[in-house]
Amino acid sequence: MEMLSMHDRIKGGLFGVAIGDALGGTTEFMTRAEVKRVHGYLTDIAGGGVWQLAPGEVTDDTMMTLGVAEGILAAPDDPAMAIGERFLAWYRTQPKDVGNIIRRVLSQYEGNWFEAALLADLDLGQSAGNGSLMRCLPAALAYPRLSDVERVSRMQSRMTHYDGRCDEACVLYNRIAHRLLIGGAGLREAIRAEIAGSAYAGELDATAEPNCEPSGFVVHTFRWVVHLLLTSATFEEVVQRAANLGGDSDTIAAIAGGLAGVHCGYAGIPERYRSRILLREKLADVSDRLAMLHEERGGVGG
């Protein structure tokens, strides 16, 4: 098998998020039975769904991932404010899909992200959603040093999600991505190395599906992501299985698709998916710039 370049893996990661998002957006909030009745088994990026998406249109998962990426590119040493500016600019466009926790934070932000996240947690009674996990991948794509990956993963999570289970999931997820990018590990090997000893270790040897709904609760989401990645053979299988779950299918597919894309690289993603994404030129540009930053900060080029 030909060695994948760092650039190809980075581009695969960003496109993987967007493809999962666009594919799963069709089935979000449906039950699995409803998905089967309406779509049979969804394999194509079709649009529609609760948000009436155009085919290839993405939702908050991809847009906030781009916000994190562009914030890091603007201020790599301390990107919190630059990321926040991009979140707010996106929110002002009145997007179709904004999660409840993120909506609360963005609507009441007054200069301190971490304070706004705490207030949202108190107001809503919880903040353990998957909205910081869905967007965290650029922290692994931008930085070759694991300490930077972990620091920025945790920071971008705490900007909107006060609950510690969210930044724990972001760090675990991006440690897996870092192993794929830097260590050259295989996908299952990387997952096993990072998940062992964590709250998600029970998924490592499970043959049955997780005994939880494919919901927006970060623990449920990450259990499904780990299960799908460990039990799927191809990128297509990962995102298709996630989309056909219903529930929070766009976000589960985006998160799982991100790691699957890093693993197989852009070249390993089917052209029929890559060419369908409406934002593909933007994603390609940001991928190029992330790869340059990664190399500038001491990563391996190529």
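The numbers here are math on the coordinates, done by the rules we state, and not lab data. Nothing here was measured: the structure is a model prediction, and the numbers come from that model. Neighbour counts are summed over all protein chains in view; Cβ atoms, including those assigned to glycine, are modelled from backbone coordinates with ideal geometry.
Ordered by the number of other Cβ atoms lying within 10 Å of each residue's own Cβ, fewest first, K282, K11, K96 fall into the sequence K96, K282, K11. Unpaired cysteine residues in the chain (no second Cys Cβ under 4.7 Å): C166, C212, C264. Rounded to the nearest whole angstrom, the semi-axes of the ellipsoid equivalent to segment 203-266, taken from the Cα gyration tensor as √(5λ), stand at 17, 13, 10, largest first. Each part gets one Cα centre, and for segment 200-220 versus segment 23-99 those centres are 22 Å apart.
Amide hydrogen proximity for G48: with H placed 1.01 Å from N in the peptide plane, the residues at 5 or more positions away or on another chain lying under 5 Å are L53, A54. Computed packing ranks the peptides 83-94, 47-58 as 47-58, 83-94, most packed first, by mean other Cβ atoms within 10 Å.
Legend: Rg and Dmax of segment 103-145, from Cα coordinates, 12.8, 37 Å. The peptide list 111-123, 242-254, put in order of mean Cβ contacts within 10 Å with the highest first, becomes 242-254, 111-123. Taking a Cβ cut-off of under 9 Å around G131, the surrounding Lys, Arg, Asp and Glu residues balance to a net charge of -1, with basic ones at +1 and acidic ones at -1.
Here the chain is treated as an ellipsoid with the same Cα gyration tensor; its semi-axes, largest first and in whole Å, are 24, 23, 20. From most to least packed by mean Cβ count within 10 Å, the peptides 63-74, 129-140 give 129-140, 63-74.
How much of the pair distance distribution for segment 28-137 lies past 21 Å, counting alpha-carbon pairs only, in percent? Beyond 21 Å sits 45 percent of the P(r) for segment 28-137.
For the chain, complete DSSP H runs whose alpha carbons reach 15 Å or more along their own long axis and whose mean Kyte-Doolittle score is -1.0 or higher are 6-24, 60-74, 80-91, 113-124, 146-158, 164-178, 218-231, 249-264, 280-296.
Counting only DSSP H runs of at least 4 residues, each contributing -39500 (n - 2.57), and dividing by the residue count of the chain, the helix-based mean residue ellipticity at 222 nm comes to -18000 deg cm²/dmol. If you average the C-alpha positions of segment 261-300 and of segment 160-185 separately, how far apart do those two centres end up, in angstrom? If you average the Cα positions of each part, the centres end up 19 Å apart.
About its Cα centre, the dipole of the chain is roughly 280 debye, where the only charges are +1 on Lys and Arg Cβ and -1 on Asp and Glu Cβ.
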